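Inspection log for the structure reproduced underneath, given as structure tokens.
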Amino acid sequence: MEEKRQKAAALKYKPTDGSAPRVVAKGSGLMAQKILDVAKAHGVPIKEDKQLVEILSALDLYKEIPQELYKAVAEVLAFIYSLSKKNAPKPPGSP
């Protein structure tokens with residue numbers, strides 16, 4: 001039985017740019033592991049979604065994602081936003 005190679009893709013998104021997210025890194029095997037290692041080292045949240053990573057891996061680097069992917073990527077961004085809110089430092093005196 002053939003073992004599937006791990007894949008990873010990294011997105012960059014700046015809401016202030018007024019543009020869609022872009023795939024800034026993608027790879028499989030050792031490259032996927034390197035992408036994940038760099039993300040972990042920099043505190044970048046990681047969301048596992050095998051179907052989405054397959055689609056993102058087929059896109060050209062640095063080009064905006066197509067409109068058909070907005071909903072799926074928005075779900076990833078919402079996940080990341082919820083993680084950042086949970087991990088954000090609380091102001092002094094808050095519960």
Could you tell me whether segment 8-30 includes any residue that is in contact with a strand residue (DSSP E or B) (Cβ under 6 Å, 6 or more places away or on another chain), within 25 Å of residue 85 (Cα to Cα), part of a helix (DSSP H, G or I) and modelled with pLDDT of 95 or more?
no
What residue, of 82, 57, 28, is free of Cβ contacts under 8 Å to residues at least 24 places away in the same chain and among the small types (Gly, Ala, Ser)?
82
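So which of 52, 36, 30 is under 10 Å from residue 8 (Cβ atoms) and hydrophobic (A, V, I, L, M, F, W, C)? Spell out how you get there, then give the answer.
Numbers: 52 fails: under 10 Å from residue 8 (Cβ atoms); 30 fails: under 10 Å from residue 8 (Cβ atoms).
So the residue among 52, 36, 30 that is under 10 Å from residue 8 (Cβ atoms) and hydrophobic (A, V, I, L, M, F, W, C) is 36.
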Screening 65, 35 for residues that are in contact (Cβ under 8 Å) with a residue 40 or more places away in the chain and under 13 Å from the mean Cα position of the chain (by Cα) leaves only 65
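Residue by residue, here is whether (1) at pLDDT below 95; (2) surrounded by 11 or more Cβ atoms within 10 Å (Cβ to Cβ); (3) of a type in the set (Lys, Arg); (4) within 17 Å of residue 5 (Cβ to Cβ) holds:
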residue	(1), (2), (3), (4)
35	no, yes, no, yes
38	no, yes, no, no
45	yes, yes, no, no
59	no, yes, no, no
69	yes, yes, no, no
72	yes, yes, no, no
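Of all residues in segment 44-73, count the ones that are assigned to a helix (DSSP H, G or I), out of contact with any helix residue (DSSP H, G or I) (no Cβ under 7 Å at 6 or more places or on another chain) and closer than 14 Å to residue 23 by Cα.
Going residue by residue through segment 44-73, those that are assigned to a helix (DSSP H, G or I) are 50-57, 67-73.
In the following step, the residues that additionally are out of contact with any helix residue (DSSP H, G or I) (no Cβ under 7 Å at 6 or more places or on another chain) were identified as 50-51, 53-54, 56-57, 67-68, 70-71, 73.
Adding the requirement that they be closer than 14 Å to residue 23 by Cα leaves 53-54, 56-57, 67, 70, 73.
Residues in segment 44-73 being assigned to a helix (DSSP H, G or I), out of contact with any helix residue (DSSP H, G or I) (no Cβ under 7 Å at 6 or more places or on another chain) and closer than 14 Å to residue 23 by Cα: 7 in total.
The values are calculated or read from the model by the stated rules, or taken from the named source; none is laboratory data. Just so it is clear, the structure is predicted and the values come from calculations on it, not from any experiment. Cβ atoms come from the backbone with ideal geometry, glycine included; neighbour counts cover every protein chain shown.
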